[in-house]
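*Asks:* Take this structure, written in structure tokens, and hold onto it; I'll ask about it next.
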Amino acid sequence: MATKDPIAEDIISRNDSLKSKRAAWDTLWQSLADYVMPRKSQITTKKTEAVEGYTDELYDTTVGRANMTLAAGQLNYLTPSNDNWFSFDAPEAIKARGGDIAEKWYGECTEIARRELAKSNFYLEIHEMYLDRGGFGTAHLHCEEGKRNVLNFSNAELGTYCIDENDEGVVDTVFREFTLTARQAVQKFGLENVGKKIRKCYEDEQSKKMDQEFTFIHAIYPREEDKRIPGRKDGANKPVASIYVCVEDRYVVRNSGYDEMPSQVSRYLKWGRTCYGYCPAIDALPTVKQVNFIEKMMDALAEIAAFPRVLIPENLEGEVNLASAGITVFDPNAPQSAMPKEWGTQGRYDIGKERVEVKQKAIEEAFHVDLFKMFAMQDKQMTAYEAMQRVAEKLVQFSPTFARMQTEVFNGLLQRIFNMLFRAGKFPEPPPEAYLVTMQGVSVIPPEVVYTSRVALAIKALENRSFIEFMQIIGPVVQLRPDVLDNFDLDVAARLLAKNLSLPVKIMRDEQDRDADRQARAEQAQAQTAIASAQGAAKAAKDASAADPAKLGDLVAGISNQMGR
């Protein structure tokens, strides 16, 4: 009897448990996908791709377009591929001890990271993630080392993975299911690492079973300290476990790990105590179903109006010609009721249209369509102040999910990207100030991540607006009492405003250089004052000697005293 692989058995068992907890969500996601993203509507209902049937019961596409607008808005104004939406900044501990060289090094790392992201498939995959966030409330983005680029990203389809949280509500566990043929499994894991069933299918050329599919589980979770060998840094001893299991063979085909969490799971908003998310599509689902039903009925009404029902007298059965320009003969002396006539075609299409428009607007509001349309109009039809005022109103509703995106996705993702590029040798040699020495060894101090996207800056602009409004109010007071400004650190205010406006780091002067210039100007002004005083005293001495030689000695003594000071 074959010995069971305990790791494989544990992972399969836990995956089954997580899937049972996810079952109710699968049903909801299927309903959402039918209306929001039919191309992803294979969660509980299996469909054949490129075959008709995905949109047979879909009569209104407002929710799909609204979700596309939300996803495109997040891509363009949170993570734009053609603009700077983040930067690596030196931690405050380095800045406090004057680490200007280190700060410039982190800035160089930022530029390199942006180029590497542009070379990778990041912007393609995060767009899919945005679609899942708005459409399902839960989305996944995985970052691995690529074959062609250092960075490679993938977005797992909803319904193929399960998640779990730690005691602090952070998603730290992802179990993903996928299928590979025997041939693909050997290519990915190697013939020596696969189980007996896969090996048999691959080696049995007569049976041609190389294309037989097998199910795999990729388990990613924190590795317990007692499962790691101290001092070992190989894959099986890394802090985050990465284990691939073949379900049919119940066999571990790869046991490795990561230095940091590679999978970022985003919840649009958290739904109660569950680990899955709430989203605009869930909020709008009742309205979406109503609009879909009304549109279906209105299509039927329009069809009836275009091709009306007709009451035909019994004696004219088979004699009525409904074709264009058709002729029907009837007896004009017969009662009026004996004539063919329309019936049941008086539905109120206008009322249905009004109800649809109201509900479509409610759907768009749920997906923040107005906010991103406003961003697009800012530079065209509104002044900067008016745009700031209007955007601020909409940001109040959008900022909670933006904050969750930063916390759950961007913070961990950008830290991992920084570490991966550093380990790959993409960054220049860091200065000594950027190193951290601990009992475990020497490492680079992780950067502070600063967000400079359009949305991030709009939120920061609220701080700028408060300062500007305050200065406008206090301006008249400053004219009367300039020393009132001594209550504020205007240097800090100026640098904060520049940072919030995402001015390039290169144009910002180091504080040490700034203070040195100020000191030099003060010394120069003092020297010029002393020279002017000496020249004035010399002139006075000359004038005094010409008028009264007896006063010359007193003036010379005064000049000497001034020069001494």
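The values are calculated or read from the model by the stated rules, or taken from the named source; none is laboratory data. Every value quoted in this text rests on a predicted model; they were computed, and no experiment measured them. Note that each Cβ is placed from the backbone with ideal geometry, even for glycine, and that neighbours are counted across all protein chains shown.
*Asks:* Residues in the range 138-154: is at least one closer than 23 Å to LEU285 by Cβ, buried (at least 21 other Cβ atoms within 10 Å of the Cβ), touching a helix residue (DSSP H, G or I) at 6+ places or on another chain (Cβ under 9 Å) and of a type outside the set (A, V, I, L, M, F, W, C)?
*Replies:* At the first step, the residues of the range 138-154 found to be closer than 23 Å to LEU285 by Cβ are 138-140.
Now drop any that are not buried (at least 21 other Cβ atoms within 10 Å of the Cβ), which leaves 138-140.
Now drop any that are not touching a helix residue (DSSP H, G or I) at 6+ places or on another chain (Cβ under 9 Å), which leaves 138-140.
With of a type outside the set (A, V, I, L, M, F, W, C) added as a condition, the list becomes 138, 140.
Yes, because at least one residue in the range 138-154 is closer than 23 Å to LEU285 by Cβ, buried (at least 21 other Cβ atoms within 10 Å of the Cβ), touching a helix residue (DSSP H, G or I) at 6+ places or on another chain (Cβ under 9 Å) and of a type outside the set (A, V, I, L, M, F, W, C).
*Asks:* Something else about it: Can you tell me how many residues in the range 319-374 are modelled with pLDDT of 80 or more, outside any helix (DSSP H, G or I) and on the phi < 0 side of the Ramachandran plot? Even if it seems obvious, please write down each step before you answer.
*Replies:* Start the filter on the range 319-374 by keeping residues that are modelled with pLDDT of 80 or more, which leaves 348, 350-372.
Add one more test, that the residue is outside any helix (DSSP H, G or I), and what stays is 348, 367-368.
Then drop every residue that is not on the phi < 0 side of the Ramachandran plot, which leaves 348, 367.
Here the count works out to 2.
*Asks:* Can you tell me which residue among VAL409, VAL396, VAL391 is modelled with pLDDT under 90, under 23 Å from MET68 (Cα atoms), of a type in the set (Val, Ile, Thr) and surrounded by 18 or more Cβ atoms within 10 Å (Cβ to Cβ)?
*Replies:* On the way: VAL409 fails: modelled with pLDDT under 90; VAL396 fails: surrounded by 18 or more Cβ atoms within 10 Å (Cβ to Cβ).
Residue meeting the stated conditions: VAL391.
*Asks:* Just to be sure I understand, how many residues within the range 157-179 are at pLDDT below 95 and buried (at least 22 other Cβ atoms within 10 Å of the Cβ)?
*Replies:* Final tally of qualifying residues: 1.
*Asks:* Could you check PHE136 against (1) at pLDDT 95 or above; (2) among the aromatic types (Phe, Trp, Tyr); (3) over 18 Å from the mean Cα position of the chain (by Cα) and say which number it fails?
*Replies:* Condition not satisfied by PHE136: (3).
*Asks:* Could you tell me which residue of the range 35-67 is nearest to GLU357 (Cα to Cα), considering only residues that are part of a helix (DSSP H, G or I) and in contact with a helix residue (DSSP H, G or I) (Cβ under 7 Å, 6 or more places away or on another chain)? Steps first, answer last, please.
*Replies:* Taking the range 35-67 as the starting set, the residues that turn out to be part of a helix (DSSP H, G or I) are 35-36, 38-40, 62-67.
Remaining after also requiring in contact with a helix residue (DSSP H, G or I) (Cβ under 7 Å, 6 or more places away or on another chain): 35-36, 40, 62-64, 66-67.
On the way: TYR35: 17, VAL36: 18, LYS40: 27, THR62: 10, VAL63: 13, GLY64: 16, ALA66: 14, ASN67: 17 Å.
That would be THR62.
*Asks:* Criterion first (surrounded by 14 or more Cβ atoms within 10 Å (Cβ to Cβ), at pLDDT below 90 and assigned to a helix (DSSP H, G or I)) does ILE94 satisfy it?
*Replies:* Details: surrounded by 14 or more Cβ atoms within 10 Å (Cβ to Cβ): yes; at pLDDT below 90: yes; assigned to a helix (DSSP H, G or I): yes.
Criteria met by ILE94.
*Asks:* Which residue, of PRO504, PRO446, PRO432, is exposed (fewer than 11 other Cβ atoms within 10 Å of the Cβ), at pLDDT 75 or above and not basic (Lys, Arg)?
*Replies:* Details: PRO504 fails: at pLDDT 75 or above; PRO446 fails: exposed (fewer than 11 other Cβ atoms within 10 Å of the Cβ).
Going through PRO504, PRO446, PRO432 in turn, the sole match is PRO432.
*Asks:* Quick check on the range 315-333. Is at least one of its residues more than 30 Å from SER399 (Cα to Cα), under 31 Å from the mean Cα position of the chain (by Cα) and small (Gly, Ala, Ser)? Show your work before the answer.
*Replies:* Within the range 315-333, the subset more than 30 Å from SER399 (Cα to Cα) is 315-333.
Filter again for under 31 Å from the mean Cα position of the chain (by Cα), leaving none.
No, the range 315-333 contains no residue that is more than 30 Å from SER399 (Cα to Cα), under 31 Å from the mean Cα position of the chain (by Cα) and small (Gly, Ala, Ser).
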